[in-house]
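Participant: Supplied in structure tokens, the structure appears directly below.
The values are calculated or read from the model by the stated rules, or taken from the named source; none is laboratory data. Keep in mind that what you see is a predicted model, and the values were worked out from it rather than measured. Quick reminder, even Gly has a Cβ in these numbers, built from the backbone with ideal geometry, and neighbours come from all protein chains shown. Only protein heavy atoms, including side chains, enter the accessible area calculation; ligands, DNA and RNA are left aside. Shrake-Rupley method; radii C 1.70, N 1.55, O 1.52, S 1.80 Å.
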Amino acid sequence: TIRPPLQQPGAVMAPGAAAALNARLVAKHGFEAIYMTGAGTTAVRLGMPDIGLLTMSEMIDNAGRIADASGLPLVADADNGYGGVMNVRRTIQGYERAGVAAVHLEDQMMPKRCGHLMGKLLVPPEEMCAKIRAAVDARTDPDFMIIARTDAIAVEGFDAAIERAERYREAGADMLFVEAPSAAELPLIAPRLSAPLLYNMATSGKTPFLSKPQVEALGFKLIIYPNWVMLASIRAVSHVLQTLKESGSIASLAGDLPSFREFFDLLGMQEVQALEARYGVDDKARAKY
């Protein structure tokens, strides 16, 4: 559950990951929570933009792998619930079984878009409220959190987004997520909404790149950093490939990269060795460096 850290003073930071390897890195660096990015998952699984192409089962499968690899409370993107209220029920049950601590559901129509892209269409607020009620009913663990996201700022304006968010809170949402507010709109959110708030530190720049104390001062409780780790890896991988292409050798990079042992230790090699010893695997057959 992610509720205990959220009950402490200050905001909780949840770096984004789309794969189990980066999930292990988030845990290694001592964060209290982790976020599964939908845009990142689409990029990793399909190499495509976040335009609503992934299915519920693909998202749940990825979430389970991230939760298992990190051991951290996982907040996961659940898009718009992948259909009507019955789909939402199945979505919540699947994420909960996968070990997820919280999901956010958005009020977009299909096909949905990344929250920082244009071209979004919204369902009526009544339909979204029904989905939230279905989500709340579907969970078996009362600590599993339902986060209601509205994308209404870009479609209907700021006031409409706040009105939608308040209706979603009344429908039973545990936390509210007003997507893509501007710098001018940010200070107006917390005074108007009586619920814990999520701050999306998306990479588009539509919402300012504020520090944790600045976000806390604005009244937000959970900060997600969806694709920053992935963007860092794109630059790093491109550098390796460019060097290899131009020089025909990888030798000059070896000193700047994790060693073979560091790589396997990150992946849990020491735990594997301890378990093989515990279960009496023959010494000659044990995994070793």
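Participant: Name the single residue, out of those in the range 7-30 being touching a strand residue (DSSP E or B) at 6+ places or on another chain (Cβ under 6 Å) and of a type outside the set (G, A, S), that is most open to solvent (accessible area, probe 1.4 Å).
Facilitator: That would be M13.
Participant: May I ask you to verify whether L72 is open to solvent by 60 Å² or more (accessible area, probe 1.4 Å), more than 29 Å from V123 (Cβ to Cβ) and not polar (S, T, N, Q)?
Facilitator: Values: open to solvent by 60 Å² or more (accessible area, probe 1.4 Å): no; more than 29 Å from V123 (Cβ to Cβ): yes; not polar (S, T, N, Q): yes.
Against the criterion (open to solvent by 60 Å² or more (accessible area, probe 1.4 Å), more than 29 Å from V123 (Cβ to Cβ) and not polar (S, T, N, Q)), L72 does not qualify.
Participant: While we're here: State which residue pairs qualify: first residue closer than 13 Å to G64 by Cα and of a type in the set (D, E) and inside the range 85-108, second residue open to solvent by less than 10 Å² (accessible area, probe 1.4 Å) and assigned to a helix (DSSP H, G or I) in any location, beta carbons under 9 Å apart, and separation of 6 or more residues or different chains.
Facilitator: Once the first residue is closer than 13 Å to G64 by Cα and of a type in the set (D, E) and sits in the range 85-108, its partners that are open to solvent by less than 10 Å² (accessible area, probe 1.4 Å) and assigned to a helix (DSSP H, G or I) give E96/A138.
Participant: On the basis of being over 14 Å from the mean Cα position of the chain (by Cα) and not in a helix (DSSP H, G or I), does Y82 make the cut?
Facilitator: Numbers: over 14 Å from the mean Cα position of the chain (by Cα): yes; not in a helix (DSSP H, G or I): yes.
Here the answer is yes, as Y82 does meet what is asked.
Participant: Continuing with this model, one more query. Is it the case, given these coordinates, that E216 is open to solvent by less than 20 Å² (accessible area, probe 1.4 Å) and touching a Gly at 6+ places or on another chain (Cβ under 9 Å)?
Facilitator: On the way: open to solvent by less than 20 Å² (accessible area, probe 1.4 Å): no; touching a Gly at 6+ places or on another chain (Cβ under 9 Å): yes.
In short, no.
Participant: Continuing with the same structure: Can you give me the number of residues within the range 128-162 that are in contact (Cβ under 8 Å) with a residue 24 or more places away in the chain, open to solvent by 20 Å² or more (accessible area, probe 1.4 Å) and not basic (K, R)? Before the answer, list the steps.
Facilitator: The initial filter retains those residues of the range 128-162 that are in contact (Cβ under 8 Å) with a residue 24 or more places away in the chain, namely 128-141, 143-156, 158, 162.
Applying the additional criterion that residues be open to solvent by 20 Å² or more (accessible area, probe 1.4 Å) yields 130, 133, 136-137, 139-141, 143, 153-156, 158.
After this cut, where a residue has to be not basic (K, R) as well, the list is 130, 136-137, 140-141, 143, 153-156, 158.
So the count comes out to 11.
Participant: Search the range 99-124 for residues being modelled with pLDDT of 95 or more and open to solvent by 30 Å² or more (accessible area, probe 1.4 Å), and hand back the single one that is nearest to the chain's Cα centre (by Cα).
Facilitator: Only one residue fits best here, namely G99.
Participant: Okay, moving on. Of everything in the range 171-209, what is part of a strand (DSSP E or B) and among the hydrophobic types (A, V, I, L, M, F, W, C)? Give them in sequence order. Break it down into steps so the answer makes sense when it comes.
Facilitator: Going residue by residue through the range 171-209, those that are part of a strand (DSSP E or B) are 175-178, 197-200.
Listed by number, the residues that qualify are M175, L176, F177, V178, L197, L198.
Participant: Which residues, taken from the range 266-289, are outside any helix (DSSP H, G or I) and either on the phi > 0 side of the Ramachandran plot or small (G, A, S) (or both)?
Facilitator: Step one: of the range 266-289, the residues outside any helix (DSSP H, G or I) are 267-268, 279-282, 286-289.
If the condition is that a residue be outside any helix (DSSP H, G or I) and either on the phi > 0 side of the Ramachandran plot or small (G, A, S) (or both), then G268, G280, A287 are the ones that fit.
Participant: Here's another thing I want to ask about it. Of everything in the range 31-52 that's under 24 Å from L117 (Cβ atoms) and part of a loop (DSSP other than H, G, I, E, B), which residue is most open to solvent (accessible area, probe 1.4 Å)?
Facilitator: Applying the filter and picking the extreme gives M48.
Participant: Go through (1) in contact with an Asp or Glu (Cβ under 9 Å, 6 or more places away or on another chain); (2) over 30 Å from F263 (Cα atoms); (3) surrounded by fewer than 20 Cβ atoms within 10 Å (Cβ to Cβ) and name the single condition T55 misses.
Facilitator: Condition not satisfied by T55: (1).
Participant: Within the range 194-213, track down each residue that is within 27 Å of D137 (Cα to Cα) and open to solvent by 10 Å² or more (accessible area, probe 1.4 Å).
Facilitator: Here is the first cut: in the range 194-213, the residues within 27 Å of D137 (Cα to Cα) are 194-200.
S194, A195, P196, N200, listed by residue number.
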